[in-house]
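Every read-out reported here was derived from the displayed coordinates using simple, explicitly stated rules and does not represent laboratory data. The shown structure was predicted, so the numbers you read here are calculated from the model rather than taken from an experiment. Positions of Cβ are backbone-derived with ideal geometry, glycine not excepted, and every protein chain shown enters the neighbour counts.
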Amino acid sequence: MKTVAPCAALVLLVSSLPPLALAGDAPPPWLTAVIAAPLPDYGDRVHAAELLRERVVRVEPDGHMVVTERGAIRVLAQEGRSSAACQAVYSVASGKVTSMRAWLATPGKEPRAYGKKEAMDSQLAPGDVYNESRVRSIRAGDDASPGDTFGYEWT
């Protein structure tokens, strides 16, 4: 008796399931709370609303600063899709972005996680011959729709 058919059926069944979200892909509790909070009526003239922007600056014992920012933006209209983005400006000579994560939460769906692979690092002033200022960003505007909430954290 051959067991190839049941094994093949099991492989087909498992491969047809949606990918499981890793624990690190789940939105943090602060973002879940922001998403659940009621939103005031902004009218038709507001295309996106910044629900949270929090920056914490910590000075280490050796004197260097560690900056952490987190935020959330609700896309209210098609024209506000480009607001689903975050950026961190830094100088190559004195700092770096060690971590940048983001999530796009669509009502009734699993949130989409963005991380190192989706982050883009570029010159702050393109075309400059010598410039140590850089910007790292994650942009989710192409994936966003009205009603979605974009949340991010970077250090």
Exercise for the section: With θ set to phi - 60°, apply the Karplus curve 6.51 cos²θ - 1.76 cosθ + 1.60 along segment 53-63 and write out the HN-Hα couplings as whole Hz, x wherever there is a Gly or Pro. Expected result: 8, 10, 10, 10, 10, 10, 9, 6, x, 7, x
Fill in the blank from the handout: Of the convex hull enclosing the alpha-carbon atoms of segment 68-155, the direction-averaged projected area in nm² is 6.2
Completion exercise
On the formula 1/(1 + (r/R0)^6), with r taken between the Cβ atoms of residue 55 and residue 91 and R0 of 30 Å, the FRET efficiency rounded to 0.05 is 0.95
Exercise for the section: Provide, as a two-decimal number, the C-alpha radius of gyration of segment 46-95 over 2.2 N^0.38 Å, N being how many residues it has. Expected result: 1.55
Exercise for the section: Count neighbours as other Cβ atoms within 10 Å of each site's Cβ, and list the GluC sites (Glu not before Pro) in segment 71-155 that are DSSP loop with at most 14 such neighbours. Expected result: 132
Problem - Net charge contributed by nearby residues that have their C-beta within less than 10 Å of residue 30 (K/R +1, D/E -1) - result: -1
Exercise for the section: Kindly provide the trypsin sites (Lys or Arg not before Pro) of segment 42-102 that DSSP labels as loop, not H, G, I, E or B, and whose Cβ sees at most 15 other Cβ atoms within 10 Å. Expected result: 45, 96
